[in-house]
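The values are calculated or read from the model by the stated rules, or taken from the named source; none is laboratory data. Not measured: the values here are computed from a predicted model. Reconstructed Cβ throughout: ideal geometry from the backbone, glycine too, with neighbour counts over all protein chains shown.
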């Protein structure tokens, strides 16, 4: 826990995805905590994740790890653990070597290509299936809400019930992190207020 690094996260879409699931992909920092995953990347991809789905993580998004490790074999006397720790945080490198049953003390020159491929595949195509979220207490933003097709985009008024308006997060509009949801809340509130202002032509 306490480990943070940039990662590429993808989720949603494709064969077997829940009906209506959208595909999301983000290159952001991920934080490993004692309770699970957190950080900007995790929060971003959570808007696309649905229970039972897997999230794919590339923990070496800056390049081709297999190619990097193969190049490190040439005339090298360095050990596998030492080389891998140059590209991943130490604890993460140790985790993957242990997970795959690879010896960190093995000289790179003696590494088999199939083991290099297996290691790179694990690090760059790690598939995780979360068992849940931290819930409302930790939520940054929510998905779902009143269907935008049932509202006027100018006034936020219901198209079927006169005098009823919806704004902000109660509407099915979800933005990325970085202030987009605040902006939506303020903009939709302003549009609604303008429409309700005495003398308004909206």
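Observations, loosely collected:
Condition check ((1) part of a loop (DSSP other than H, G, I, E, B); (2) in contact with a helix residue (DSSP H, G or I) (Cβ under 8 Å, 6 or more places away or on another chain); (3) touching a residue at least 24 places away in the same chain (Cβ under 8 Å)) across all residues:
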| site | (1), (2), (3) |
| --- | --- |
| 45 | no, no, yes |
| 48 | yes, no, yes |
| 116 | no, yes, yes |
| 122 | no, yes, yes |
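- Residue that is surrounded by the fewest Cβ atoms within 10 Å (Cβ to Cβ) [pool: residues in the range 83-97 that are part of a helix (DSSP H, G or I) and touching a residue at least 12 places away in the same chain (Cβ under 8 Å)]: 91
- Residue count, the range 98-114 (criterion: surrounded by 12 or more Cβ atoms within 10 Å (Cβ to Cβ) and under 13 Å from residue 84 (Cα atoms)): 7
- Meets criteria (under 30 Å from residue 54 (Cβ atoms) and either over 28 Å from the mean Cα position of the chain (by Cα) or in the same structural domain as residue 47 (by TED's automatic domain parsing) (or both)) for residue 169: no
- Among the criteria (1) farther than 22 Å from residue 178 by Cα; (2) in contact with a helix residue (DSSP H, G or I) (Cβ under 6 Å, 6 or more places away or on another chain); (3) modelled with pLDDT of 90 or more; (4) surrounded by fewer than 19 Cβ atoms within 10 Å (Cβ to Cβ), the one residue 76 does not fulfil is (3).
- Annotation for the range 55-65: no member residue is closer than 16 Å to residue 177 by Cα, modelled with pLDDT of 90 or more and surrounded by fewer than 19 Cβ atoms within 10 Å (Cβ to Cβ).
- Matching residues in the range 128-137 - criterion: being touching a residue at least 12 places away in the same chain (Cβ under 8 Å) and loosely packed, with under 10 Cβ neighbours inside 10 Å: 132
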